[in-house]
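What follows is one structure encoded as structure tokens, with my remarks underneath.
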Amino acid sequence: MSLKFGIYLVEQRIVTAEQFCGLVKIQQESTRALPTLALQKSLMTIRQVANVLEAIEGSPGKDFQRLAIEMGYLHAKEAEYLLQVQQSTAETIRDLAVECGLLTERQASVLYLHYQKNVSKKGSTAQSTATGQQPTSPATSTPRESTSRPKQPNFRRRPTIIEKQNANA
């Protein structure tokens, strides 16, 4: 869901594609890896994790979770639990956009509510158009500070990712 919100921000021209890619990169870097979580939750030993990682090198296309189950180190429910922990601890695109200074907290809240309404109404948009109702326009509720370009990010504790735009400024 978080990536879809980021795509929505790009489509609405709230953030640029480069800024979105930067947010995704930060999100991926902040997400804890499954082998690390397996060790932290005491579901696997260091030797088991090493064996799975070694097997991944010899089996392209297989992921840690699948191989750990196949090798008998994890049960399916344990692997699912690790995924849930990983997803619940990952920073959202919405929070990262605020942290990096692309959006204020208020803008993020308003845009996310608008996004949720649009996503849930996608199926009913065709029906409302057929009955004569106009779908809500994203431009009417998008709180932008500038109409020319999205605001440049302010990476307080994060590395600068978008160097191309900073050089042009």
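Just so it is clear, none of the values below were taken in a lab; they were calculated from the coordinates. Because the structure is a prediction, the values reported are computed rather than measured. With ideal geometry, Cβ positions are generated from the backbone for all residues, glycine too; neighbour counts draw on all protein chains shown.
Along the stretch 69-76 the Karplus relation, 6.51 cos²θ - 1.76 cosθ + 1.60 evaluated at θ = phi - 60°, assigns HN-Hα couplings of 5, 4, 7, x, 8, 10, 8, 4 Hz to successive residues, with x for each Gly and Pro. Listed by chain and number, the aspartates and glutamates whose C-alpha is less than 18 Å from the C-alpha of residue 25, apart from same-chain residues fewer than 8 away, are 91, 95, 99, 163.
The string of couplings for the stretch 107-116 from the Karplus curve (6.51, -1.76, 1.60, θ = phi - 60°) is 4, 4, 5, 5, 5, 5, 4, 5, 4, 4 Hz, one whole number per residue in order, with x for Gly and Pro. Using a simple spin-label model with pseudo-atoms 7 Å out from Cα toward Cβ, residue 62 and residue 84 lie 2.6 nm apart. Counted residue by residue at 0.36 nm each, then reduced by the alpha carbon distance between them, the extension gain from residue 13 to residue 25 reaches 2.4 nm. Principal axis analysis of the Cα atoms in the stretch 39-120 yields extents of 47, 28, 25 Å, listed in decreasing size. Of all aspartates and glutamates in the structure, those lying under 18 Å Cα to Cα from residue 77, and not within fewer than 8 positions of it along the same chain, are 63.
Suppose every K and R has +1 on its Cβ and every D and E has -1 on its Cβ; what is the size of the dipole of the stretch 34-75 about the Cα centre, in Debye to the nearest 20?
It works out to roughly 140 debye.
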